[in-house]
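S.K.: Could you have a look at this structure, given as structure tokens, before my questions?
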Amino acid sequence: MILLGILAASGAGSISALAGYFAGGSNSGGRYSTVDKFAYPSDTRSTLATGLASATNYLSGMSNNSVAGYAAGGEVTGNIKVTTVDKFSSPSDSRTTLGTGLSAARVYSNGFYNQAVAGYIASGVEAGGFVTTVDKFAFPADSRTTLATGVSTAIYWSAGFSNSGVAGYSAGGNTGSYTTNVDKFAYPADTRTTLATGLASATGGLAGMSNEGVAGYAGGGVAITTVNKFAFPSDTRTTLATGLTYGVYAVGANANSGTAGYFAGGYRSGWKDTVDKFAFPSDSRTTLGTGLSIAREGAAGFQI
């Protein structure tokens with residue numbers, strides 16, 4: 001069913017989003033439950049009256065556009081990893097917490113989604129170390145299963161992006177050293193392959209966003225401004241001529257398919273409140289006059 005009767009300008013499986021969100025994160029002042037909302041297409045920022053259930057950092061996001069956005073896992077006070085999945089429903093932005101969270105307490109995961117079908121939280125760090133796990137949450141029930149085949153290598157700090165109706169992607173990260181690897185999960189079977197061409201350079205702490213039906217992007221990472229672009233459906237990779245304003249890691253991202261994608265926050269010689277906007281299809285970059293309400297790293301990005 002096409003909610004609101006609005007199709008995105010790009011992929012047939014996508015629905016136009018109403019706003020982008022950056023949830024949680026941390027800086028020298030501690031962790032935050034703050035959720036900033038940027039209304040599309042004006043990019044005006046507000047901060048939700050009800051934030052995350054707990055102040056959390058290094059969590060991950062997934063989306064069901066025009067219906068709900070999700071912030072999953074992360075660490076809370078005392079560096080305790082959690083299974084929590086908070087759900088923010090459109091149009092009220094009311095928050096509930098799923099009765100079934102992640103399959104294990106996990107931090108430094110990534111998220112991707114298949115619009116109106118399911119969201120995925122992939123890889124990360126659990127009590128025993130890095131994992132290959134991919135948890136799948138079926139929409140609209142939010143029931144959770146775990147894929148029989150996870151990411152190709154136990155990894156954390158990778159980026160997720162999506163081409164709804166076709167595939168989800170897990171890119172880069174740290175296996176003990178940084179990697180260029182990009183895993184692809186074909187919908188609806190969730191079969192995994194690994195792209196012949198990965199990221200332009202090995203990195204972790206990057207973020208992903210999507211112009212569905214057109215391209216997926218993986219940007220930022222440790223000390224780099226690079227934004228990698230993977231054209232759908234061929235998955236050929238190019239690198240944008242203009243990257244991020246700062247070479248930040250622990251950055252967040254979301255996108256309004258057919259219009260623009262956004263990278264926000266992160267750390268590089270201090271915490272950033274910067275929000276970089278990449279206009280589709282030109283990929284030209286501007287920086288929003290109003291950034292995050294708090295400069296921070298490790299926020300989850302999603303859109304609704």
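The values are calculated or read from the model by the stated rules, or taken from the named source; none is laboratory data. Fair warning: this is a prediction, and the values are worked out from it, not measured in the lab. Positions of Cβ are generated from backbone atoms using ideal geometry, with glycine treated the same way; all protein chains shown enter the neighbour counts.
S.K.: Which is hydroxyl-bearing (S, T, Y), in contact (Cβ under 8 Å) with a residue 12 or more places away in the chain and at positive phi, of S103, S123?
M.R.: Values: S103 fails: at positive phi.
Checking each option against the conditions leaves just S123.
S.K.: Does any residue in the range 234-257 that is of a type in the set (K, R) come within less than 9 Å, Cβ to Cβ, of a residue that is crowded, with 21+ Cβ neighbours inside 10 Å six or more places away or on a different chain, and which pairs are these?
M.R.: R237/V182; R237/L199; R237/N228; R237/F230
S.K.: Still on this structure, I have one more. Given the options T132, T83, T50, name the one that is farther than 22 Å from G221 by Cα and either of a type in the set (D, E) or touching a strand residue (DSSP E or B) at 6+ places or on another chain (Cβ under 7 Å) (or both). It would help to see each step written out before you state the result.
M.R.: Working: T132 fails: farther than 22 Å from G221 by Cα; T83 fails: either of a type in the set (D, E) or touching a strand residue (DSSP E or B) at 6+ places or on another chain (Cβ under 7 Å) (or both).
Of the residues listed, the single one that is farther than 22 Å from G221 by Cα and either of a type in the set (D, E) or touching a strand residue (DSSP E or B) at 6+ places or on another chain (Cβ under 7 Å) (or both) is T50.
S.K.: Oh, and also: Sort out which residues of the range 182-214 are assigned to a strand (DSSP E or B) and surrounded by fewer than 24 Cβ atoms within 10 Å (Cβ to Cβ), and write them in order of number.
M.R.: Let us first name the residues in the range 182-214 that are assigned to a strand (DSSP E or B), namely 182-186, 191-194, 203, 207-211.
Within the range 182-214, K184, A186, T191, R192, T193, T194 qualify.
S.K.: Find the residue count for the range 267-304, including only residues that are more than 19 Å from L240 (Cα to Cα), in a strand (DSSP E or B) and within 18 Å of the chain's Cα centre (by Cα).
M.R.: Qualifying residue count for the region: 6.
S.K.: Tally up the residues in the range 215-257 that are more than 19 Å from V182 (Cβ to Cβ), among the hydrophobic types (A, V, I, L, M, F, W, C) and either modelled with pLDDT under 95 or not in a loop (DSSP other than H, G, I, E, B) (or both), please.
M.R.: Of the residues in the range 215-257, 1 are more than 19 Å from V182 (Cβ to Cβ), among the hydrophobic types (A, V, I, L, M, F, W, C) and either modelled with pLDDT under 95 or not in a loop (DSSP other than H, G, I, E, B) (or both).
S.K.: Let me confirm something: among S66, S103, which residue is in a loop (DSSP other than H, G, I, E, B), touching a helix residue (DSSP H, G or I) at 6+ places or on another chain (Cβ under 8 Å) and within 26 Å of Y187 (Cβ to Cβ)?
M.R.: Working: S103 fails: touching a helix residue (DSSP H, G or I) at 6+ places or on another chain (Cβ under 8 Å).
When all the criteria are applied, what remains is S66.
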